[in-house]
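Some notes on the structure that comes next.
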């Protein structure tokens, strides 16, 4: 009987049951299924890691701590929280870390124009301009068509924003009717095809709540389920959807049972009196080990999300303050030369 410590020479899954053997060019290969054996016979390459094409590291502090096995690539993940938790910065960092790995990114914008979206990255010292210019970033614009006077908007752009607009415009696909789920899916699918996104990259949607305000409830549910099926499950491309604000019992937060992952964001005033701390927790992540512990965090330009222990921070400040106060009464202190006192 085959032991589970041996793996299929094609898909790298554990060998169980009967081996399917391939003799080729003097080598003997063992596969777990007949399909793997046939695929190996007709292929010039194999999967070198059993989960390398299905998992990835988020690259974000707190999230990596909660997901020691990484994030499944076929995941639809909701960022669920309240305003003030900097959900947009977290979404931006997930996209930026994807670019750092050399993978493409698609940004779907409902709440701000493309140049403003790009500015949010630059404000964090994440220069996405080269990635936009060389085609690794695509933007699906669902905001601009809803502006009443678009010519007035462009006429009032600053010189810097005009420069950004010239760079961003070729990488942007405008959805004429953001409330049309079919058009939105077509624009998204075109971008996925152009970038060849299969088992690579990430799609970030800034606000599913805003999308839900433009369509009927049934359309919103259908869109989310279709995107999850076509993009996440079909292409193995993770989708990060912003679900900040809105009623906890309404779309999209009532679909947490459908989502593969849920990351909770909240403001906690119970740790230190008169102080709000931002905290996150990976409540669930399908297919991988999940440690659902709360992490206190803040955002710093360049570094991104930084976790810390708020009680240690407060105790450290109090200790430093007490040390300064004690120095005022130190009998061994140097004489005050100005006043001539000893």
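Could you give the length gained on full extension between residue 256 and residue 27, defined as 0.36 nm per residue of separation minus the Cα-Cα distance, in nm? Don't jump to the answer; show the numbers that get you there.
Working: separation 229, 0.36 × 229 = 82.44 nm, distance 4.87 nm.
Difference between extended and current length: 77.6 nm.
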Going by how many other Cβ atoms sit within 10 Å of their own, how do 263, 115 line up, fewest first? 115, 263
State the percent of C-alpha pairs, over all pairs in segment 93-198, separated by a distance greater than 23 angstrom. 26
Sort 87, 273 by Cβ crowding within 10 Å, fewest neighbours at the top. 273, 87
For segment 58-109: span of alpha carbons on each principal axis (Å, largest first): 30, 26, 19
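For segment 146-192, would you read off the P(r) tail past 11 Å as a percentage of all alpha carbon pairs? Kindly include the intermediate steps, with their values, before the conclusion.
Values: 794 of 1081 pairs.
Counting pairs separated by more than 11 Å, the tail of P(r) holds 73 percent.
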Of 216, 35, 69, which has the largest mean-square fluctuation in a 10 Å C-alpha GNM of the chain? 35
P(r) tail for segment 153-299, what percent of Cα pairs lie past 23 Å? 51
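Please report 233, 187 as a ranked list, fewest other C-beta atoms within 10 angstrom at the top and most at the bottom. Can you show the working numbers first?
Values: 233 14, 187 22.
Listed from fewest to most nearby Cβ atoms, that is 233, 187.
Looking at the square roots a ≥ b ≥ c of the eigenvalues of the Cα gyration tensor of the chain, which shape do they give, rounded for a/c under 1.5, prolate if a/b is larger than b/c, or oblate? Could you put the intermediate results ahead of the total?
Values: a/c = 2.11, a/b = 1.36, b/c = 1.56.
Judged from the Cα gyration tensor, the chain comes out oblate (a/c at least 1.5, b/c at or above a/b).
Over all directions, the average projected area of the alpha-carbon convex hull for segment 142-227 comes to how many nm²? Working shown, then result.
Values: hull surface 27.0 nm².
Averaged projected hull area, Cα only: 6.7 nm².
The numbers here are math on the coordinates, done by the rules we state, and not lab data. On a predicted model such as this, the values are computed, not experimentally measured, just so you know. Here the Cβ is made from the backbone with ideal geometry for all residues, glycine too, and neighbour counts use every protein chain on show.
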